[in-house]
Each structure stands twice: as structure tokens, then as C-alpha cells.
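What follows is a single structure, written as C-alpha cells, with notes after it.
We did not get these values from a lab; they are worked out from the coordinates using the rules stated. Predicted model, so just to flag it, every value in this text is computed and none were measured. Backbone-built Cβ (ideal geometry, glycine too); neighbour counts: all protein chains shown.
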Amino acid sequence: MKLFAFHSGWQKARVMLISRRRIFGAALLCAALLPALTAGAATSDTHRTVHIRGSTTFESIVQSLAEQYMRNNPSTTVVVSGGGTSRGYLTLLDNTADVAMVSGSPSEETGDEIARSGLKLVNVPFRRVAMAAAVHFSNPVNDLSAIQLREIFTGRITNWNAVGGRNAPINVYIGPPGDGITNTWYEKVLGDADTFTPRARNAELEQRIAGVGADPFGITYLATESLKDRALKVLSVDKVTAGADSVLSGRYTLTAPLMFVTREKPSPEVQKFLHFVNNLSAPISNSVFALPAAR
Amino acid sequence: MKRRYLAGGLAAGAAAIAAYPVWQWMQTRRAPPRHNALLIGGASAMHALNVELGREFEKRYGVKVIVERGGSLQGLLAAKRHSIDIAAMARDLEGAEAEPQAHNHLIARDAIAVVVNAGNPVRQLRHELVRDVLTGKIDNWRTLGGADSPIDVVMRPRDYPTTRFVSEVVLAGADLALQARFKKTKDEVLAAIRQNPHAIACVATDDGGLPADIVTLEIDNIPITRETVLSGRYPYKRSLYLMTYGVARRQALDFIALAESPEGQAIVHRAGFIPVR
């Protein structure tokens, strides 16, 4: 008798479990349908938002632009984050940002990823910055030729005395592969056939600046825009110093583009923001330059 | 003889009764109830927020949400192993963490205001000076262009999110001043600032809004406003992300969509953070 009671109770539990499962299944089905129904509403709710991610070189410029835009359009939200040029491209790929700010090509890995995805991207060129090699202030070298720069960063010249400096090894500091300025420097100074010296120290911009600032034999490259009130000496290239005159006249050619990149058919708010930045007339800083006039 | 059987039977019965809860426990182990639940782990700072979002998610989708803490890095590693669905990260991905498979959804910004009494003439400080005041290296307002009087540092207790944020972002791991006073609630901290013209404190702020009689200091000449926090120019801010790794479950994407929706962003605001949509 007792055994039977136990058995039937157990069966009851089983029945309950099954019906519970059914309810759960129905709930799951609803859960699957809900987002499909609300998807349209969600996009129209978020159209006042612009999320921008990417280049650290470009970041402080875009931060000021974002604040200006939000002050002019109080109901909008413009959020800016860094992470580097490649991260900017990746966020377009996985749709975690609306706009990438970039200062060069993405890393090879990211470039391949974009090609595989078939995603079409739209480039909105904005300004350009000058790139230059930078050394410790105690370094007697003030100028390097384009060829000497290439030989140093590929590791074929390894001693400062080969370029008119002291008899000391050259310590090369470079950025990570996802860094836009690094990729632009690589394309313009080294060229496709060469690679950075394997002995180069790899570090983010802030650490590179700190590293060379503490290393009398160090050398790195950067956008001169990134060097505001920091203690590194910027070298001229073939006796031409980076500046508004030399860049705009075309005598100084080591420049990197600052570009906004979006997916095809960006939201109206993104278009509005890009329209705003394209129509700025005030100068941004004395180390950010207009694009060469279209011919 | 009979008695021995009886004793044996009783012993077997007792053993069975004792084994029953063990058997039950084994059943639950074999078919974990969290089987369909959504697992979120990571930053302690985002725990309360994710619990609130989880409550709303359960109501809408009927899927249980389990939120665990343990730190951003632990969350990231667990998400990479796919032992949780979403990592809550209170910082950006760094260096090699920024893989293409890491999908980082920004859901909020978090900011700390440095505040003083309205009678204090100091209105702005450089970051290095704020750090030195909080660590106790600078202990008199005279050094900062104020009156000749000791600085009264008021903080929430060390294990509170606000104070942890200060240790990470402002102090970069350095210790708080020994003479710092601790107050449990934000209101108590603000009361201490009102009472003492020589006090300084750090408080979390949802969108730069604090009572009018509390003065917020500019840091490196940047005021704390909604605009400077969203642009990222204000230095004492951080981004809060929900991160998925590789291919995410449908429910995980629904949870993120909820966090990004107007209702989710209202929850972000109520949790004391700055909405980003």
C-alpha cells in the first residue's frame, strides 16, 4: 500500500514535469518571436545616438567634436571610445559602434576579417596629420633621410653612429599591429617588401612616448598631434620639418589620414553628425591639416 | 532472530532516508536547473545593474538570469571558455584581449565627481594633485591655493563600488590616506561636505547632477558634464560593457538588446550610471 502511494506520487511529479516543459516551450516560442516584433521599434528609438570607436591618435579631436555636436543638439548622444584603428573597424563588423575613427589601414587579420564578411564600408576622409620620428632630447641627431628612417626601422642600421650620432645601439619602439599610425608609417616608410626589425619593442603610444622619453638611444614614430607638451624631440625628414607650410605645400609627405568609416546606409543621426564634421570651418589644432585639394 | 531482522530493516530504512537527499542532490547535479538560464559574470561594479536588468529580462522572456561577480578579467576568461554567456566588463579590452571574436557592447558610462564645500575657494585640480590629496601626500589646502587648514578626505568604505573605482582609475592601485573618514551612504558623504569647508570627497554621479550647494571640481580643466563623460574627455570615467565571445546564444543577444533599449537605459540611469543611448 505504502509502496503504491509512493509510486503514484512519483508519476504525478512526472506529469507535472511534462506540463511544465510544455509551458516553458510556449514561453520560449514567445521569447523567440518578441524581438522580431520589437526590432523595428528598437531601431527608431536609438537613432539619436552615434557611437564612435577607434584611433587613439584621432580620439581627442573627435571628443571635442562630439561635445560641440551634443551642445548644438541637446537630445543627441555621441559616445567616443578608443581602442585603436583596428578595433574601430571591428566594431563596424560586429555592429557595436556606428562610426569608426581611423588613422590608417586595419591590421592584416582585421582586413581579412572584413573581406571575408563581405561588408561594404564607406570612407569619409576628414583631415590629415604629420607623422615623424621622435627621439630623446639628449640625442644629437636632428634629421634623418627617408632612406635612413627605413634602414633604422627595418633594423639594417643598428647604431646611432651610422647616422651622425653617438656610438650606441639604436633601440626601436613600434606600435601594435592594430595601430593605424603604425600601419601608415609601415606603408610610407618601409614599403610592402620590408618588415619592422624583430628586435623592436612593441608598445601602445603612451608607453612608447614614456619609453623613448627615458631612453637616450630610443627612437619611435608618432603623429606630431599626439606629442603636445611631451618631452620628445621630433626629427625632420630630409631637412624638412613637419608643419602647416611644409605639409600643405606638399614638401613634407609623411602624413596619415584621419578618416571616419561607416557601414553602408548609416542612420540619419550618423549622417547628421558626419555632415556636421564635414562642414567645420574652425581650425582644429596647428598639427591637424586639411586634405590635399582634389584635382 | 526476528529482532535481528527488524534491526537490519530499520538500519536499511535509516540508510535509505539518509541517502534520499543525496540522491536528490545528484539528480539536480545531473540536470542543472541553470541549464536554460542566462549566465552573466564579471565586474562587481556592474553586479547590481545586471541583477536589475536580469529581473526585467526574466519578466519578459521567462528565462532565468544568474549574475555572478569576480572581476572583469575573470568574466572575460569565463566568456572565452563559454562557461558563461555574457561577461560584464567595467573597462576596455586591453592589448591581446581585443580579439575579433570579442564583441563588446557599450551599455553605460560611469563617472566620479570630486566635490568640495561651496565655501572652499578651490574650483579645479590637476589629476596628479587629486591623487596626492587622496593618498595623503598633500594634506593642507594651502598647497592647492586654499586656506591654511588640513584636508578632510571623506570616502565611502573601501569595498564600495565608488571607492574601488577611485582606487582603480584615480589612484592606480595606491592606498587611500590613513586619515580618510568613511561614510556609508552618498547622503552622509554629501552631509560631511556641507558641514566642513575643508572636506573633499569622491561621489558617483549619474549625469553630472549633484545638489546645487555641492561644488564639483574641474579635473585637468575639464568639468564633469554629460557631454565630457560621453565624449570620454573627463578623466574619471569608465565604460561599462556587456561582452559576448564568438557565437552568442539568442538569449544573450536579447539580454544585450534589452540593456540597450530605452527601458534598459532607464535601469542604467536608476543604477546610478550614465545612459549611452
Let me know the whole percent of all Cα-Cα pairs from the stretch B:41-131 that are separated by more than 22 Å. 45
Normalised by the number of residues in the stretch B:139-265, what is the relative contact order in percent for Cα pairs under 8 Å and 6+ residues apart? 19
With -39,500 (n - 2.57) per DSSP H segment of 4 or more residues and division by the full residue count of the protein assembly as shown, the 222 nm estimate, nearest 500 deg cm²/dmol, is -12000 deg cm²/dmol
In the stretch B:216-259, what is the volume of the convex hull around the alpha carbon atoms, normalised per residue and reported in Å³? 92
Residue among B:140, B:65, B:266 farthest towards the positive dipole end of the protein assembly as shown, charges placed on Cβ: B:65
Please report the net charge: other residues with Cβ closer than 14 Å to the Cβ of residue A:278, K and R +1, D and E -1. +2
For the stretch A:201-206, Karplus couplings with θ = phi - 60° (6.51, -1.76, 1.60), whole Hz, Gly/Pro x: 8, 9, 7, 5, 3, 4
Tell me, what HN-Hα J-couplings in whole Hz come from the Karplus equation 6.51 cos²θ - 1.76 cosθ + 1.60 at θ = phi - 60° for each residue of the stretch A:64-72, using x for Gly and Pro? 5, 4, 4, 5, 4, 5, 5, 5, 6
Return one number: the angle in degrees, 0 to 90 and rounded to the nearest 10, between the long axis of the Cα atoms of helix B:250-260 and the longest principal axis of the Cα atoms of chain B. 30
Give the Rg/Rh ratio for the stretch A:145-295, taking Rg as the radius of gyration of the Cα atoms and Rh as the Kirkwood radius, to two decimals. 1.01
Tell me which trypsin sites (Lys or Arg not before Pro) from the stretch B:94-199 have a DSSP coil assignment and no more than 15 other beta carbons within 10 Å of their own. B:123, B:126, B:137, B:158, B:184
Between beta-carbons, use under 14 Å as the cut-off and find the net charge around residue A:236, counting Lys and Arg +1, Asp and Glu -1. 0
Calculated P(r) of the stretch B:141-182 - Cα pairs past 16 Å, %: 44
From the convex hull of the Cα coordinates of the stretch A:194-242, what is the mean projected area in square nanometres? 4.4
Test of understanding: express the Cα radius of gyration of the protein assembly as shown as a ratio to 2.2 N^0.38 Å, with N the residue count. 1.20
Cα-derived Rg to Rh of the stretch A:74-228, Kirkwood definition: 1.03
Which order do B:143, A:154 fall in if you start with the one that has the fewest other Cβ atoms within 10 Å? B:143, A:154
Packing-based exposure ordering (other Cβ within 10 Å, fewest first) of B:273, B:182: B:182, B:273
Starting with the fewest neighbours, write out A:187, A:225 ranked by other beta-carbon atoms found within 10 Å of each beta-carbon. A:187, A:225
Around residue A:63, with a cut-off of 11 angstrom between Cβ atoms, what is the net charge of the other residues, counting Lys and Arg +1 and Asp and Glu -1? -2
Rounded, prolate or oblate: which fits the stretch B:106-234, taking a ≥ b ≥ c as square roots of the Cα gyration tensor eigenvalues, rounded meaning a/c under 1.5, else prolate when a/b beats b/c? rounded
Once phi is turned into θ = phi - 60°, what whole-Hz ³J(HN,Hα) does the Karplus curve with 6.51, -1.76 and 1.60 give for every residue of the stretch A:273-279, x standing for Gly and Pro? 5, 5, 4, 4, 6, 6, 10
Separation of alpha-carbon centers, the stretch A:229-278 and the stretch A:132-163, rounded to whole Å: 24
Alpha carbon centroid spacing (whole Å) that separates the stretch A:58-74 from the stretch B:52-116: 27
For B:229-238, mean number of other protein chain Cβ atoms within 10 Å: 5
Exercise: per-residue mean of other protein chain Cβ atoms within 10 Å, A:74-81: 5
Shape metrics for chain B, restricted to C-alpha atoms - Rg then Dmax, Å: 25.1, 98
